[in-house]
Structure formats: structure tokens, C-alpha cells
1. Would you grab the residues whose amide H sits under 5 Å from the one on Val27? Only those 5+ places off in sequence or on another chain, please, with H modelled 1.01 Å from N.
2. How much length is gained on full extension from Gln293 to Glu273, taking 0.36 nm per residue of separation minus their Cα-Cα distance?
3. List the residues whose amide H sits under 5 Å from the amide H of Phe117, counting only those 5 or more places along or on another chain, with H placed 1.01 Å from N in the peptide plane.
4. Roughly what angle does helix 215-226 make with the longest principal axis of the chain, taking Cα atoms, 0 to 90 degrees, to the nearest 10?
5. Tell me, how many Å apart are the Cα centres for the range 59-86 and for the range 229-286?
6. Which angle between 0 and 90 degrees, to the nearest 10, do you get for helix 100-112 versus the longest principal axis of the chain when only C-alpha atoms count?
7. On average over all directions, what projected area in square nanometres does the range 3-164 have, based on the convex hull of its Cα atoms?
8. Given a Förster distance of 30 Å, report the FRET efficiency between Ser266 and Val202 from their Cβ-Cβ distance, rounded to the nearest 0.05.
Amino acid sequence: MANIAFLGAGMMGQPMVRNFLRNGHAVTVYNRTLEKARPLEALGAVLAVTPKAAASGADVIFSSLVNDEASRVTWNGPDGALQADLKSGAFAIEMSTVSLAWVSELNEIATARGLHFLDCPVAGRPDVAETGQLKIFAGGDAADVDAMRPVLAAISKSVMHVGGVGSGIKFKLIYNVMGAIQVAACAEGMQACEAAGIDIAVAAEGFSTGATGSPHVARHARYMAENSHEEPIQFSGRMRIKDLAYGVRLIEDVGGQSVIGRAAKSVFEQMVELDMGDLNDSELLDTLRRVHQKDRA
Ligand SMILES: NC(=O)c1ccc[n+]([C@@H]2O[C@H](COP(=O)([O-])OP(=O)(O)OC[C@H]3O[C@@H](n4cnc5c(N)ncnc54)[C@H](OP(=O)(O)O)[C@@H]3O)[C@@H](O)[C@H]2O)c1
């Protein structure tokens, strides 16, 4: 069993920590807002007041943080995990959806400190994380990925080795751009149906069961039609915009074009403009309804 340091007890971090504990690992948790991590203490986790304290002596250091800035300060700030008394040969595993540029820099800093580095962003929402069924897109040496499979088994039954360091986050960002495009398309289609006088429950059924019915569209069309939008919030409009910003930049940096990705980003940005950015991404339909009403007024 591994001695794990886990940085970031957010919506994704908490269920992952619970699964490491359920599988018999020892887990020390750092969260910027310590109180939010308190429920994990009752389950056997040790809470640390700095990332540095959490990482000292750990076999594996995981992070699940909101963005580049949060990851940078948590790993490499004055009290960051990389300032710890690190165990030789330990692993640093970044699971956050962050930019390729930051993952590449973090890899350099972590390996210079003698750590094995993997980028292992995840797919699946907090409810999926709770079941230990996340998809992991792993970037790093094959031997390092294989060495970590027994530990990762606590949170995932699907660890896909994409390629060398950085490949996991490249794939995840492109995957999330495609996902966001589908959610934006779903909201646009639902709003268009409504404006055209079609019952949105009927529209949701048609989109979900027809050739348009990817798992993403099926899930979001149902939330939109039922006006249920998952409570508590699992993935906000603001998070979509963050992923699209990193993803579109990556696609364009590697010489691709991301015309539809850029369009999806501007569609989600309307959620923030209407002060709806912290709501679930499926509330995009309500944003489009409000934009439509404003345009017609
Ligand atoms: N939610 C999903 O469905 C989902 C699915 C797949 C991947 N992801 C990715 O997983 C990562 C975590 O997402 P989440 O849903 O768990 O988000 P979340 O609930 O908002 O948690 C964000 C975490 O980042 C920390 N944080 C935020 N700003 C910080 C800062 N400036 N310095 C240090 N720590 C900071 C938060 O600490 P506080 O508690 O102190 O705010 C919290 O631990 C993100 O990269 C996200 O894109 C999410």
C-alpha cells in the first residue's frame, strides 16, 4: 500500500481520496481551504496545512486543482510540494486539467528534484469519481505508468497510456474541446427547437436516441429538458471556458485549427457575461434563452 499525498480536495479530489482510503492506502491531504477537507479526516486521512508538509516522505504525490495558477503555487510555491523533503524515486502525478505549457514546466522541475513525473488527467464527473471508474489519460514513460497501475486502480478501471510526458494532457484537452462542442451544440439545438415551437422533452428524446446521441448530448439534453442541471454543481460553465482556452491554444500551437472550439468558447462565455458562469454547464440552454429574448426585445 502506498503513502499518498493528495493536493486539492475539491469536487474531484474528495471522491478520489475516499477511494484511495477504501483501498487501504495512507493519504495525507492538503487543501487551500483546510476546513473543506475535514470530512476526509473522519475517514482516516491526515490533513496537512501546506503542500510541502503533505508531500514530505510520500511515495506518490497527486494533485487535482482548478487551473495552472493553482497547480503552480501548490507544487512550486514557497510552501509547495516540491520544497518538501522528497522521498527518492517518488512519483509526482498531475491529474488537473491544466495547460500543456505548465505540465511541461512542472515535469522539468519535478524530475530535476528526482521525482518520476506523469500527467494523468481524468475524464468523468464527481459521481463517476465516487465509483472509482474515472478514465485516466496517462502521459509518461511506459514503465512509470505500469509502476503506478496498482495505485491508480483505486480510482480508475481504465488507464490509457497515450505516450510520453505531456501526451495525457494533450489528449485530455482535445477530448474536452470535443466534449464542450457537443454540449454547446446540444444547447443550441434545444434552444432552436424551443424557438421553433417543438416541445423540448420531445427534442431531448430525439437528440438522445438519434445519430446525434453521444453520451454527452444524451446526458445534457435530459438535464436541459428536465431543468434539473445536476445538484450539487459538478462542472461549471467557467470550467468549460478554462478547458476550452487551454485546448484551443494547444490545437492552434500544434498547427491545427479550432474554429468550432473557438465558437464553443464564445458560446460558454455568454454564461459568464450573464453572471451564470458558476452554474452547471447544462444551464447554457437558459443562457441562450435569455440571449434570444434580449435579441427579440
Ligand atoms: N468536475 C468535473 O467534472 C471534472 C472532471 C474531470 C476533470 N476535472 C478537473 O479536475 C480539476 C479539479 O476540478 P474540481 O471539479 O475538483 O474543482 P473544484 O471543486 O473547484 O476544486 C478546485 C480545487 O483547486 C483548489 N484551488 C483553487 N484555486 C486555488 C489557488 N489559487 N491555490 C490553491 N488551490 C486552489 C481548490 O481549493 P479551495 O477548496 O480552497 O477552493 C480546490 O481544492 C480541474 O482541473 C478540473 O478541470 C473536473
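1. Correct list: Ile4, Val46.
2. Values: separation 20, 0.36 × 20 = 7.20 nm, distance 1.51 nm.
Here the answer is 5.7 nm.
3. Under 5 Å from the amide H of Phe117: Ala92.
4. Roughly 60 degrees, rounded to the nearest 10.
5. 26
6. Taking Cα atoms only, the helix is inclined about 10 degrees.
7. Details: hull surface 31.7 nm².
Result: 7.9 nm².
8. Numbers: r = 29 Å, r/R0 = 0.95.
The computed FRET efficiency comes out at 0.55.
Read-outs: derived from the displayed coordinates by stated rules, not from any lab. All figures in this text were calculated on a predicted structure; none of them were measured in a lab. Note that each Cβ is placed from the backbone with ideal geometry, even for glycine, and that neighbours are counted across all protein chains shown.
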